[in-house]
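The values are calculated or read from the model by the stated rules, or taken from the named source; none is laboratory data. Since the structure is predicted, the reported quantities are computational estimates derived from the model, not experimental observations. Here the Cβ is made from the backbone with ideal geometry for all residues, glycine too, and neighbour counts use every protein chain on show. Calculation scope for accessible area: heavy atoms of the full protein, side chains included, ligands and nucleic acids excluded. Shrake-Rupley method; radii C 1.70, N 1.55, O 1.52, S 1.80 Å.
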Amino acid sequence: MTAFTRRRFLAATGAVALAGCATQPLGVAEQTSVAAPDWRVGDEWLYRRTDGYTRLDAGSPVARRVVEAGPAAIRITETTASNAFIDNATFANPNAMLSGTLSEFGPITGRFEPPLQYYDFPLVSGKRWSQRLNRIDSGGFSYFMTLDASVEGWNTLEIAGRKVRAIAIRRSFMLGQLPPGLGLSMGNSFRWDTEWYAPDLASFVLLDRRERYQPNRARIMADAPGNWFVLQLESFKRG
């Protein structure tokens with residue numbers, strides 16, 4: 001089986017498994033309310049990043065760092081072991097992302113109008129939110145996109161040798177049409193997150209991020225596997 005065929009096969013079986021468990025609630029629902037984090041310059045979280053298809057390493061350790069934190073904006077970067085940028089995101093506050101990278105495929109990056117509601121603190125089991133907005137790329141092109149998110153239950157995970165309480169967040173994105181540089185016939189891209197956010201650590205401890213895209217705009221129901229990365233926290237320090 002060729003690598004490409006194997007990737008398509010794994011993506012298809014993974015999509016079936018994801019569809020089969022999508023309606024299963026994660027964790028145990030509680031009424032515990034999670035306040036917004038107090039991100040500070042010097043906060044750093046190191047993650048092991050693996051390719052979801054092959055389980056091979058994908059640039060670990062990935063460093064997530066707060067490099068700016070002021071009344072005007074908060075900037076958080078994510079870089080690989082070779083210092084390649086995965087993301088360089090700016091937030092007005094922990095709920096509102098002003099700009100950033102939503103996929104390395106393309107890449108899909110830009111500023112958001114209105115700001116992307118990436119979180120909706122305070123978080124509590126059962127909370128849901130949706131958003132319709134535009135992403136403006138560096139060339140000034142505007143792309144319509146959508147977000148549907150939900151907060152689910154709690155679980156205790158063993159992370160970096162310690163037990164951590166985390167709450168589950170699901171996000172479903174329609175990221176809009178892929179950049180013209182990938183081909184004018186390209187259609188929309190989609191992304192699904194399953195995140196376990198740990199209030200005590202002010203960040204996620206586990207993130208499963210899967211993507212699919214339309215190779216051809218004319219074939220609306222046909223899509224192909226995109227990136228699939230899993231990040232698991234290995235260490236952290238607060239600023």
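Ligands, DNA and RNA aside, Arg111 has an accessible area near 110 Å² when probed at 1.4 Å. With an a/c value of 1.5 or above and a/b not larger than b/c for the gyration tensor axes a ≥ b ≥ c computed over the alpha-carbon atoms, the stretch 77-171 is described as oblate. Every helix of 4 or more DSSP H residues in the chain counts as -39500 (n - 2.57), and over all residues that averages to -2500 deg cm²/dmol at 222 nm. Of the whole protein surface, Leu206 contributes about 50 Å² of accessible area at a 1.4 Å probe radius.
FRET efficiency for the Ser82 to Gln31 pair, using the beta carbon distance and R₀ = 41 Å, is estimated at 0.40.
Its relative contact order, with pairs defined as Cα atoms under 8 Å and 6+ residues apart, puts the chain at 18 percent. Which of rounded, prolate or oblate describes the chain when judged by the alpha-carbon gyration tensor and an a/c cut-off of 1.5? Rounded shape, in that the Cα axes give a/c under 1.5. Is the shape of the stretch 24-130 best called rounded, prolate or oblate, per the rule: a/c under 1.5 gives rounded, else a/b larger than b/c gives prolate, else oblate, with a ≥ b ≥ c the square roots of the Cα gyration tensor eigenvalues? Judged from the Cα gyration tensor, the stretch 24-130 comes out oblate (a/c at least 1.5, b/c at or above a/b).
With r as the distance between the Cβ atoms of Glu113 and Arg48 and R0 = 41 Å, compute the FRET efficiency 1/(1 + (r/R0)^6) and round to 0.05.
Values: r = 35 Å, r/R0 = 0.84.
Once the sixth-power term is evaluated, E becomes 0.75.
Each of Ser172, Leu182, Pro225 was scored by the projection of its Cα onto the charge dipole of the stretch 149-239, and the greatest displacement toward the positive side belongs to Leu182; charges sit on the C-beta of Lys, Arg, Asp and Glu.
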